[in-house]
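Encoded as structure tokens, the structure appears first; notes follow it.
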Amino acid sequence: VAMHDLPEGSDVLLSYTPLGVPERERRQRLESEYGFECDCTRCTLERAEAAAEDGTDGAIVTDAPDDGEIDEEIDLTYAALFCLKHICGVCMGTMAPLPLPLPANDGPCVCNRCGSIRTEAQFQLRVEQHFAEAAEDHDGDGDGDDDD
């Protein structure tokens, strides 16, 4: 059962670690426990961001030919919304819809790790707070706009 609707033909991916585990820790864990290096879009993006921050080249070892390009565009707003929707704000576990007779997008979610329950209204508030903080951080002067 998927946590959200998937377009026909989409890859179904399994998370081997809780969604909130930092990229380096996930990479080490996947290598030591499962014997592979993940090259999913999220890990690729986070590895590139980490490389930009620490000045390394961010080289990624994969079986795919290296043409210097990521195969698909990454929509950062979608990635942020996905994480806000599916990562527990309490323990970083995975949020899943409660099996209630409600449409999946309207019902509450429960964390598979700590059991915390979050309503759709609480999720929407979390999204508003996240993007308000992001706008403040981007501007740097705390007023939420891009002026200097």
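Here residue 141 meets the list (1) over 20 Å from residue 90 (Cα atoms); (2) at pLDDT 90 or above almost entirely, failing just condition (2). Summed over the range 78-96, the residues that are open to solvent by 60 Å² or more (accessible area, probe 1.4 Å), in a helix (DSSP H, G or I) and at pLDDT 80 or above give a count of 2. Just give me the residues in the range 10-29 being assigned to a helix (DSSP H, G or I), out of contact with any Phe, Trp or Tyr (no Cβ under 9 Å at 6 or more places or on another chain) and under 19 Å from residue 91 (Cα atoms), in sequence order. The answer is 23, 24, 25.
Give the residues of the range 23-59 that are among the polar types (S, T, N, Q) and modelled with pLDDT of 75 or more, sorted by residue number. Residues satisfying the conditions are 28, 32, 44. Within the bounds of the range 112-127, is there any residue that is touching a Ser or Thr at 6+ places or on another chain (Cβ under 6 Å) and modelled with pLDDT under 85? Within the range 112-127 (the criterion being touching a Ser or Thr at 6+ places or on another chain (Cβ under 6 Å) and modelled with pLDDT under 85), the answer is yes, since at least one residue qualifies.
In the range 16-27, the residues that are outside the structural domain of residue 111 (by the TED database) never reach a residue that is open to solvent by less than 20 Å² (accessible area, probe 1.4 Å) and of a type in the set (Asp, Glu) with C-beta atoms less than 7 angstrom apart, at least six apart or across chains.
The values are calculated or read from the model by the stated rules, or taken from the named source; none is laboratory data. Fair warning: this is a prediction, and the values are worked out from it, not measured in the lab. Reconstructed Cβ throughout: ideal geometry from the backbone, glycine too, with neighbour counts over all protein chains shown. With ligands, DNA and RNA removed, areas are computed over all heavy atoms of the protein, side chains included. Shrake-Rupley method; radii C 1.70, N 1.55, O 1.52, S 1.80 Å.
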